[in-house]
Every structure is written in C-alpha cells, then in structure tokens.
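Here, each number is a calculation from the coordinates, and none is a lab measurement. As the structure is a prediction and not an experimental result, all values here were calculated from the model. Cβ placement follows ideal geometry from the backbone for every residue including glycine, while neighbour counts extend to all protein chains displayed.
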Amino acid sequence: GMALAQDLPPLEAKDSYKVGFAQTESNNPWRIAQTKSFQDTAATCGWELVLTDAGGSAAKQVADVDSMIAQGIDVLFLPPREESPLIPAVMRAKGAGIPTFLVDRSVDPNVAQAGRDYVSFLGSDFIDQGGRAAGWLTENFKGDKGVIIELEGTTGSSPANDRKKGFDDAIAGDSRFSIVASRSGDFARDEGRKVMETLLQAHPDVNVVYAHNDEMAIGAIQALEAAGRKPGEDVTIVSVDGTRDALQAIIDGKMGVTVESSPFFGPLACDTMKKYAAGETITPWVKVEDRIFTKENAAEHIGEAY
Ligand code: GYE
C-alpha cells in the first residue's frame, strides 16, 4: 500500500546526535566549504559527526551510506551525487529507521519522494538559478548574435539537469541566441578547461559561455585565454555558485555574473533537524534563497566568499 508521511522515522529529542554527512567529493571549493559548514555546526549543534567522502563515485557514496547505517547514525544528511544511483541508499536508511534529509542535490522524484521516503530536500531552486543566469545574459549582452557553449555539471545530477532546463528554456525565447554545444565538465575546473578547449576548436565563433558552476567557468576562462581570446570582452561568461575565484573574475572584468548557490548548509541542517525532533512538520522542500553577484556587488561580497 501507499506509505504515508507518518511512516517516516521519528527522531527523538536528545542532547547529542550521531549525524552522518556523506559528501560526494572534495575537488572543489564549494564542496570543501560545505563540509566545513557541517564540521563547524557539529560543535554547536551537539553532533557527533560521521563524515565520508565518496571521491566522485556514486557507488562509493552508496557504500558510505550503508556503512553509516551499520554504525547506527541517528540522522543522515545526504547530497546525492546523481539523481538515480543514490535512491537505494535513501530507501535503506528509511528501512533502518533513520530520518534522511537530502542537502543541496535531490533524487528522481518519480521514484523517491520527500515526506514519504525521506524527510525533506534542503536546497536551492536550480531551474530558477539557470533562468536567472539567462535573464542576466539577455539583459546585458551587447552583440546581436549570441553563440553559446554550455558546460554542464555532473551528468545525472539534479543541479546539472535543472540548471540546464532553466537556462535553455529561458534562452529559447530570445532569437538572438543559439546554444551550439552543451557538454559535461563534471562540475570540475580542469574538466571544464579541457572540454572548453575541445569545443572552442569546433566553435571558434563562440561569444558566450554558460557554465553550471564557477569552477568550470574558471576552467573555461583559462582555455579561452590560452587560445588568445579575451573573456569579458569578446566572450561573456555566466555561471552559478559565488566562489571567491568567481567574484575575483567578476571584479577583474572576466566574468559577467554568477548566481549564488550557497554551500553553507550546517546551520540550516541543525535548525531543521531540531524542528523535526520536536515533532514539527517539515515542508518537502526547505528552499534556500540565492542572491546574484555582478560587478555592482562582487567587491562587497568577496570577503565572505570561499
Ligand atoms: O553548484 C557545485 C557543486 O550540488 C549545488 O555541486 C551543488 C553543486 C554546486 O559541485 O559547485
């Protein structure tokens, strides 16, 4: 029969919790800042933190969650690296009576659902982020023909799927623009650089790059500069995250915009977990509100960036 919301495992109020955080990888400043946020929160929220790093492998992340279940964690915070492969791990945590909160990435909603299989998704609206990146571009692009290369995030991840949808749908409504290539750079700087290098040879007329995260945008800037191009002058760069390097690139005039996607989930995780333990209803999606960084405010925010 259909499982009901009250089938979700309860969380008793305690002074100290064994909290699992199964990180996806640590090869970029965003993930490192997120891990640090959980570590910092552990001290103030009464957590004994069990931390793993899947090293960029969904299979390893599944195994990490299984080992946390075996260690008897009270609650699980999980950023599922990809939308489908982590579902069995979510289901096993539920079966073991462990309330699970997805953080920053989600799973396929046709298979696993918030309020039924896990408590809630804590994170940004990625479709909106892509739409806002496109909105900035359509408002600020000076030329009459925009030839776009899109660098996608990790294939099968919710931010890659949704940042693509939000951007592509918005751009489809403006006849000045065409997306001539769209390929994954796995959310990584060096992969973004390599993919950009290849795509640049096939599409030398590119004058816009939309990267699904700042690390790939920085990689693209490196590839463009190596090819003698002038990012910020002859190529407009739009991106998502708000890292320190991206804000510096905006200040330096090389990047146009980055839509914020905050990695600082620790305090929100602490707060949401306490409410759940107190029996409060948690909405299926605890939405994180994002700002937008441009040359108007990058200098003002770089001090708090990571
Ligand atoms: O944008 C990217 C990271 O899932 C929202 O993952 C997160 C994304 C973030 O690798 O930089």
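A few remarks follow.
- Consider the stretch 47-68 and keep the residues that are among the hydrophobic types (A, V, I, L, M, F, W, C) and within 20 Å of Gly95 (Cβ to Cβ). The one that is surrounded by the most Cβ atoms within 10 Å (Cβ to Cβ) is Val65.
- At least 2 residues being within 16 Å of the ligand (Cβ to nearest atom) is the threshold, and among the strands (runs of 3 or more DSSP E) wholly inside the stretch 158-264 those reaching it are 208-211, 236-241, 257-260.
- In the stretch 69-110, of all residues being outside any strand (DSSP E or B) and among the hydroxyl-bearing types (Ser, Thr, Tyr), the one that is surrounded by the most Cβ atoms within 10 Å (Cβ to Cβ) corresponds to Ser106.
Residue by residue, here is whether (1) closer than 28 Å to Glu25 by Cβ; (2) in contact (Cβ under 8 Å) with a residue 40 or more places away in the chain; (3) buried (at least 16 other Cβ atoms within 10 Å of the Cβ) holds:
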position	(1), (2), (3)
Val147	no, yes, yes
Gly166	yes, yes, yes
Phe177	no, yes, yes
Asp190	yes, no, no
Gln201	no, no, no
Ala217	yes, yes, yes
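- Check on Ala33, assigned to a helix (DSSP H, G or I), out of contact with any strand residue (DSSP E or B) (no Cβ under 7 Å at 6 or more places or on another chain) and either aromatic (Phe, Trp, Tyr) or surrounded by 15 or more Cβ atoms within 10 Å (Cβ to Cβ) (or both): yes
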